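One structure is given below, encoded as structure tokens.
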Amino acid sequence: FMTFSYDGSDFCGYQKQVSERTVQGELENVMKRINGEKEVSVVASGRTDAGVHAINQKAHFDMESSVKLDKLHKSINSMLPNDIFVKSIEEVSDNFHARYDATGKEYIYQINMGEYNPLERKYVYQHNKKLDVVEMQRAMKYLEGTHSFKSFTKSDEEKDFVRTLSQTNIVRDLKDVNKITLVFIGSGFLRYMVRNMVGTLIEIGEGKRRSEEIIDILKSEDRTKAGKTANPEGLYLKNVFY
């Protein structure tokens with residue numbers, strides 16, 4: 001069982017793809033070398049899209065190697081590219097599953113409302129205009145609870161759209177009043193769900209929508225009723241809970 005972080009800027013997402021650079025692809029290449037050229041499948045708690053980052057992503061893998069855990073940990077990090085880092089590795093039972101055993105996740109989304117910062121363009125969404133943060137926070141409270149989030153995902157990819165958002169919040173940066181972090185903690189998240197919620201919240205912050213519209217958007221189960229998909233660079237998978 002592995003905890004790892006990555007800078008998603010130069011990846012085509014987590015999931016392995018033919019002829020594209022992915023996090024899973026890089027991890028499995030390294031594992032294969034350590035495992036005597038035998039294939040190793042690295043199963044993560046879930047996939048992240050191109051440009052999305054992870055602070056504490058989780059995954060499990062099976063390996064026949066008898067290398068001790070601390071040595072294995074060091075070996076993997078020494079062979080990985082510098083935009084992935086394995087924080088910890090521990091042994092778990094054979095029936096443990098990084099995806100199906102997860103009980104919840106925390107995502108955060110960072111926004112800069114101040115002047116454009118080219119140094120942070122890959123890590124903080126450069127909105128560069130003031131937002132009504134109070135109204136956005138009010139809107140987030142309507143997202144909390146158990147709902148169908150069909151309006152906030154690609155409807156052709158799932159059969160069950162019901163998820164529970166247990167906690168949402170907006171955290172202001174104490175050093176920079178123009179920086180805000182949107183926090184979402186829930187039982188699980190559909191593809192593009194966080195980015196679609198953020199896109200809608202930004203429109204509320206711009207005064208283009210009212211916070212109460214979230215109620216009708218959820219009830220509609222219609223993707224066209226929600227806002228546009230927010231850019232990937234502000235999004236981080238912060239934690240996975242078991």
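The values are calculated or read from the model by the stated rules, or taken from the named source; none is laboratory data. Values in this document were obtained by computation on a predicted structure and should not be read as measured data. Please note: Cβ atoms are built from the backbone with ideal geometry, for glycine as well, and neighbour counts cover all protein chains shown. When the accessible area is computed, the model is the full protein with side chains, heavy atoms only, and any ligands, DNA or RNA have been set aside. Shrake-Rupley method; radii C 1.70, N 1.55, O 1.52, S 1.80 Å.
Pairing each residue of region 22-44 that is assigned to a loop (DSSP other than H, G, I, E, B) with any residue that is modelled with pLDDT under 95 and polar (S, T, N, Q), provided the two are 6+ apart or on different chains, yields C-beta distances under 6 Å for Asn35/Ser65.
Can you tell me which residue is most open to solvent (accessible area, probe 1.4 Å) among those in region 17-56 that are over 21 Å from Thr229 (Cβ atoms) and of a type in the set (Lys, Arg)?
Initial filter on region 17-56 (over 21 Å from Thr229 (Cβ atoms)): 18-19, 21, 24-45, 55-56.
Okay, now just the ones that are also of a type in the set (Lys, Arg), so 21, 32-33, 38.
Numbers: Arg21: 79, Lys32: 58, Arg33: 137, Lys38: 102 Å².
Per the criteria, the residue is Arg33.
Which of the residues spanning region 189-205 are open to solvent by 10 Å² or more (accessible area, probe 1.4 Å) and in contact with a Gly (Cβ under 8 Å, 6 or more places away or on another chain)? Of everything in region 189-205, those that are open to solvent by 10 Å² or more (accessible area, probe 1.4 Å) and in contact with a Gly (Cβ under 8 Å, 6 or more places away or on another chain) turn out to be Phe189, Ile202, Glu203.
Please note which strands (runs of 3 or more DSSP E) are completely contained in region 123-242 and include at least 2 residues that are of a type outside the set (Gly, Ala, Ser) and without any contact (Cβ under 8 Å) to a residue 60 or more places away in the chain. If you could, list the steps in order and put the result at the bottom.
Numbers: elements: 145-148, 162-172, 179-186, 235-241.
Hits in region 123-242: 162-172.
Scanning region 112-122 for residues that are assigned to a loop (DSSP other than H, G, I, E, B) and touching a helix residue (DSSP H, G or I) at 6+ places or on another chain (Cβ under 9 Å) gives Met113, Arg121, Lys122. Based on what the data block shows, is Val240 open to solvent by 50 Å² or more (accessible area, probe 1.4 Å), modelled with pLDDT of 95 or more and among the aliphatic types (A, V, I, L, M)? Answer is no for this residue.
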